[in-house]
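Before any comments, here is the structure.
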Amino acid sequence: MKFVIVTGLSGSGKSEVMRALEDLGFYCVDNLPPALITKFAEICYQPNSSIDKVALGVDIRGLQFFKDFHESLNYLKKENYAYEMLYLNCNDDVLIKRYKITRRNHPLARNMQISEGIKKERDIMKPFKDSASCIIDTSNMKPKDLQDEIKRIYYKGEDNLNITISVVSFGFKHGILTDAD
């Protein structure tokens, strides 16, 4: 069982990572309240479960539920549910630029500057960054670069990378087309 928890700073590319993991055959659930992680893990780790690759997107959007994240991770460790935590990081200037381009609000910057919301989020997320199995800095990455990095990390010889080959062919009779052709 491959159980990956994808977290990190808002605007750092978690949605892109979830799409890439889904393309690799992971069963993906985004924005799952952290209190439900334990129940979800119990279901996935049942002996008769057909799920062998799971990715959970957990972030600060569910702030009222986020305090349960530590407890859920401790429970997974205590019950010996193997998991990896992938943390996405990005520098402040790039995050601010991404928020301005998309015209979306930072989840913690409702009544403050985006930069203040990012700083507050960094403080909250620090323990998760410190305990992450893998950290990817997306500051200088385009979405395609991030997808390629995820494939490099999580593609382990699966038999299908969704490659499609199309061949289009046509021919000429004696080098010219006629009405009979």
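Extension gain, Met112 to Glu22, is 28.9 nm, computed as 0.36 nm per intervening residue step minus the present C-alpha separation.
Per-residue packing, averaged as other Cβ atoms within 10 Å, sorts the ranges 29-37, 7-15 into the order 7-15, 29-37, beginning with the highest.
Considering only DSSP beta bridges whose two residues both sit in segment 1-151, what percent are antiparallel, to the nearest 5? Counting DSSP beta bridges with both partners in segment 1-151, the antiparallel share is about 0 percent. Segment 1-140 has equivalent-ellipsoid semi-axes of 27, 16, 12 Å, by the square roots of 5 times the alpha carbon gyration tensor eigenvalues, sorted largest first.
Distant-in-sequence amide contacts of Tyr27, defined by a placed amide H-H separation under 5 Å and a gap of 5 or more residues or a different chain, comprise Lys53, Val54, Ala55. What the Cα atoms of segment 32-87 give is an Rg and a Dmax of 11.4, 34 Å.
Couplings 3J(HN,Hα) of segment 70-82, computed from phi: 4, 4, 5, 5, 4, 5, 4, 5, 4, 8, 6, 8, 5 Hz, in residue order, whole Hz [Karplus 6.51 cos²θ - 1.76 cosθ + 1.60, θ = phi - 60°; x for Gly and Pro]. First measure r as the distance between the Cβ atoms of Ile43 and Lys100, then evaluate 1/(1 + (r/R0)^6) with R0 = 35 Å and state the FRET efficiency to the nearest 0.05. It comes out at approximately 0.30. May I ask which of Lys39/Lys97; Lys119/Lys142; Lys67/Lys97; Lys119/Lys151 have a Cα-Cα span longer than 26 Å here? Exceeds cut-off: Lys39/Lys97; Lys67/Lys97; Lys119/Lys151.
Only the coordinates and a few stated rules stand behind these numbers; no lab work does. The model shown is predicted, which means the values in this text are computed figures rather than measured ones. So basically every Cβ, Gly included, is an ideal-geometry build from the backbone, and we count neighbours across all protein chains shown.
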